Amino acid sequence: MADPALHPETPPHQTETLRQIAVDYTPDACTHSQDSDSITITFDHRGGARWRSTTRFLHGTFSAQIQCPKGNTSGLNFNIYLSSLEGDKSQDEIDFEFLGKDKSIVQTNYYTVGTGNREIVHDLGFDCSDGFHEYVIKWSPDVIEWLIDGKMVRREKKEEGLGFPKKPMFLYASVWDASYIDEGKWTGPFVGCDAPYVCHYRDVRVPVGTAVHDDS
């Protein structure tokens, strides 16, 4: 019999469809259809938009099928991520971030009490705008796993003396112009020649039984 210690796995977490969202800005640039379990964000002259779950969650599995915007997306950031509160400088956060300068890569990262600098860039092996692909974050008290189309691309384990995300977190997604960061080196210079840019999310799933009903 195989030693389970040699094959550590995050315990499975039951999920359910995300039924309600809040839109933090530009609500007319975001659509949500409960019938088709789909959400879209459009980036155009209005800028983009950001949606989130209406409750925070403490641990669990989060997933979505995503088709990223088509065309020359240089300068844009599109994403799905967990955060204890967007804009809070002491946030915990776990990210999938697409960098518009190159649609064949995705960046993962995580923050504890506002400190990140744990970025890893992954080669997708496909163009993220060519059809839907599944992106999954599995978060437990001691382990974070990032999966793409069922394949684990990163695993981080809590280490003694080092910070690890532990605050209840919202599920967020946005499309925004990030071209000002690092003089355009991160996402590229903004071009905008193929606007409007539409990011499609479907079958967005969140944990069952770990919602924290304090939206303060």
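Quick grid of which residues meet (1) touching a strand residue (DSSP E or B) at 6+ places or on another chain (Cβ under 7 Å); (2) closer than 22 Å to Thr54 by Cα:
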site: Glu97; (1), (2): yes, yes
site: Thr115; (1), (2): no, no
site: Leu124; (1), (2): yes, no
site: Asp127; (1), (2): no, no
site: His133; (1), (2): yes, no
site: Leu147; (1), (2): yes, no
site: Arg154; (1), (2): yes, no
site: Phe170; (1), (2): yes, yes
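Screening the candidates Gly60, Gly47, Gly71 for the property of being buried (at least 21 other Cβ atoms within 10 Å of the Cβ) and in contact with a strand residue (DSSP E or B) (Cβ under 9 Å, 6 or more places away or on another chain) yields one hit, Gly60.
For the range 164-193: of the residues being in contact (Cβ under 8 Å) with a residue 40 or more places away in the chain and over 25 Å from Ala64 (Cα atoms), which is surrounded by the most Cβ atoms within 10 Å (Cβ to Cβ)? Lay out the reasoning, then the answer.
Of all residues in the range 164-193, those in contact (Cβ under 8 Å) with a residue 40 or more places away in the chain come to 164-179, 184, 186-193.
Okay, now just the ones that are also over 25 Å from Ala64 (Cα atoms), so 179, 184, 188-193.
On the way: Ser179: 22, Gly184: 15, Gly188: 18, Pro189: 14, Phe190: 17, Val191: 16, Gly192: 19, Cys193: 8.
Ranking the candidates gives Ser179 first.
Looking at the range 3-106, the strands (runs of 3 or more DSSP E) lying wholly inside it that each contain 2 or more residues that are in contact with a Gly (Cβ under 7 Å, 6 or more places away or on another chain) sit at 76-83.
Remark: pairs (first residue in the range 71-91, closer than 13 Å to Trp51 by Cβ and of a type in the set (Ser, Thr, Tyr); second residue at pLDDT 95 or above and not in a strand (DSSP E or B); Cβ separation under 7 Å; 6+ apart in sequence or on different chains) = Ser83/Gln91. Pairing each residue of the range 110-135 that is in a loop (DSSP other than H, G, I, E, B) with any residue that is modelled with pLDDT under 95 and loosely packed, with under 13 Cβ neighbours inside 10 Å, provided the two are 6+ apart or on different chains, yields C-beta distances under 6 Å for Val113/Ser90; Gly114/Lys89; Gly114/Ser90.
Evaluated against (1) on the phi > 0 side of the Ramachandran plot; (2) part of a strand (DSSP E or B), Gly161 falls short on exactly one condition, (2). Here Gln34 passes the criteria (1) surrounded by fewer than 18 Cβ atoms within 10 Å (Cβ to Cβ); (2) modelled with pLDDT of 95 or more except the one numbered (2).
The values are calculated or read from the model by the stated rules, or taken from the named source; none is laboratory data. Keep in mind that what you see is a predicted model, and the values were worked out from it rather than measured. Cβ atoms come from the backbone with ideal geometry, glycine included; neighbour counts cover every protein chain shown.
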